[in-house]
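None of the figures in this text is laboratory data; all of them are computed from the coordinates on show. As the structure is a prediction and not an experimental result, all values here were calculated from the model. Don't worry about glycine lacking a Cβ; one is built from the backbone with ideal geometry, like all the others, and counts go over all protein chains shown.
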Amino acid sequence: MRGNFRWLALLLILCSVVLGADPSAMDKGRVHALKVTVLSTMLADGDELGEWGFSALVEADGHRILFDTGGHSDVVLKNCGTLKIDLTTVPEVVLSHWHPDHVGGFITLRDSVLATTPTALARTHVGEGIFLPRTGSADGVQINPMLSIKPTYEKSGGEFVVHDKPVQLYPGVWLTGPVPRKYPERNWSKGVQVKAPTGVKEDNLPEDTALIFDTDKGLVVLTGCGHAGVVNIADFARATVRPSRIYALIGGLHLFEASEKTLVWTAEKLNSFGVDNLLGAHCTGVETVYRFRHDLGLDRSHAVVGAVGATFELGHGIDPRQIAK
Ligand SMILES: [Zn+2]
Ligand SMILES: [Zn+2]
């Protein structure tokens, strides 16, 4: 009996050590080398092509991930050629949400590597809900291209990994999965319905997924359209990974048509987190980038309109290329 008590005491001590440990002190891993290169957005210079869409190449401690694939079937492929980016060395893809301006180049890019390197672009991470049918008008015609992309991609040997919660893909590299809508942001265009398991309703892009990188300088957030709301995404990243400053915010924030009130509220919230760099591309809106430059207390080298070929790199900051300098 006495021996049993001794074991119980030992178990209690172990439990208290585990429960008492500060989770933020636990080493979840950090990213030490990070470069994000914009491959698709509206603004372009040099020989690159601009389009309404988004795509970026992520290089994080040697892991290469393609984040979104642009709108036209061939624009990202052409821009990769111009920028001398070899996609056969990129095994993984993240598709942030179903919108055609983010998945339009996906099958073309997969086809471009298939003959020589079938392991390239072969594993694609998505958020739960990306394959739900969508309708855009009264005629009820289904418009989500992911429904036809899925069998085509899988036939080529590609694999979709569907996430319903945050996941750490590599040390310090996090995928949010679907983001809880804590704040009432409505950063999406109206008029599309989603056929969810609970019934047909307005499509608020439940799958909208972002990449988060935990660096010694703070969190780096990469969004496609940011339909979950940039504040919801940053808030969720801080709750999931660690409550640090946002060292960089990169990608589309879908604020181009936002009201004055929304822009003021969003900037206030972002200020409460602290934002050090903004590479506002795609649907962020040009005016929004300049507003945030002012409201977040940034300067022209730390708040930049994203152009094709622009980069953000740890240790170097933002390289805007030519037109957005
Ligand atoms: Zn978009
Ligand atoms: Zn979108």
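For region 30-318, what is the percent of antiparallel DSSP beta bridges, rounded to the nearest 5? Please report the intermediate quantities before stating the final value.
Details: 34 of 60 bridges.
If I count the DSSP bridges inside region 30-318, around 55 percent turn out antiparallel.
Give me the Debye-computed log₁₀ of I(q)/I(0) at q = 0.09 Å⁻¹ for the chain, equal point scatterers on Cα only, no solvent, two decimals.
Log10 of I(q)/I(0), two decimals: -0.46.
For the Cα atoms of the chain, what angle does the longest principal axis make with the long axis of helix 2-20, in degrees from 0 to 90, nearest 10?
So the helix axis and the longest Cα principal axis differ by about 30 degrees.
Using only Cα atoms, what Kirkwood radius does region 112-240 have, in angstroms? If you can, show how the numbers build up before the last one.
Details: mean 1/r = 0.0619 Å⁻¹.
Taking the inverse mean of 1/r over all distinct Cα pairs, region 112-240 comes out at 16.2 Å.
So between ARG30 and THR88, what do we pick up on full extension, going 0.36 nm a residue minus the alpha carbon distance?
18.3 nm
Taking 0.36 nm per residue of sequence separation and subtracting the Cα-Cα distance, how much length would be gained by fully extending the chain between VAL162 and GLU268, in nm to one decimal? Mind showing how you got there, number by number?
Working: separation 106, 0.36 × 106 = 38.16 nm, distance 3.33 nm.
Fully extending the segment from VAL162 to GLU268 adds 34.8 nm.
Under a cut-off of 25 Å between alpha-carbon atoms, report the lysines in cross-link reach of LYS155, not counting same-chain residues fewer than 8 places apart.
LYS155 reaches LYS78.
Run down the lysines and flag those whose C-alpha is under 17 Å from the C-alpha of LYS201, throwing out any fewer than 8 positions away in its chain.
Filter leaves LYS190.
With the cut-off at 24 Å, tell me which of the pairs LYS35/LYS217; LYS150/LYS195; LYS182/LYS217; LYS28/LYS325; LYS28/LYS217 have Cα atoms farther apart than that. Numbers along the way, then the final one.
Details: LYS35/LYS217 14 Å; LYS150/LYS195 17 Å; LYS182/LYS217 26 Å; LYS28/LYS325 36 Å; LYS28/LYS217 15 Å.
Table pairs above 24 Å Cα-Cα are LYS182/LYS217; LYS28/LYS325.
Between the helical axis of 230-240 and the dominant principal axis of the chain, each derived from Cα atoms, what acute angle in degrees is found, rounded to the nearest 10?
30
Fewest first, what order do LEU296, LEU147 take by the number of other Cβ atoms within 10 Å? Spell out each step's value before the answer.
Values: LEU296 21, LEU147 15.
Fewest to most other Cβ atoms nearby, the residues stand as LEU147, LEU296.
What does the extension gain come out to for ALA239 and SER189, with contour length at 0.36 nm per residue minus their alpha carbon separation?
Working: separation 50, 0.36 × 50 = 18.00 nm, distance 2.71 nm.
This chain segment gains 15.3 nm when fully extended.
Taking H placed 1.01 Å from N in the peptide plane, check which residues at least 5 places from VAL93 or on another chain put their amide H under 5 Å from its amide H.
LEU66, ARG123, THR124, HIS125
Given Cβ point charges of +1 (Lys, Arg) and -1 (Asp, Glu) and nothing else, what value in debye, to the nearest 20, does the dipole of region 205-325 about its Cα centre take? Don't skip to the answer; put the middle values down first.
Values: 11 positive and 14 negative charges, 45 e Å.
Charge dipole, region 205-325, about its Cα centre: 220 debye, nearest 20.
Which distance in nm do the two modelled labels at GLU257 and VAL200 give, with both placed 7 Å along the Cα-to-Cβ direction?
Placing both labels 7 Å beyond Cα along the Cβ direction yields 2.1 nm.
Relative contact order (percent) for region 30-318, with alpha-carbon contacts under 8 angstrom and 6 or more residues of separation? Don't skip to the answer; put the middle values down first.
Working: 720 pairs, mean separation 52.5, N = 289.
After rounding, I find 18 percent.
If you take the beta carbon distance between TYR170 and VAL141 as r and set R0 to 45 Å, what does 1/(1 + (r/R0)^6) give as a FRET efficiency, to the nearest 0.05?
Working: r = 40 Å, r/R0 = 0.88.
The formula returns an efficiency of 0.70 here.
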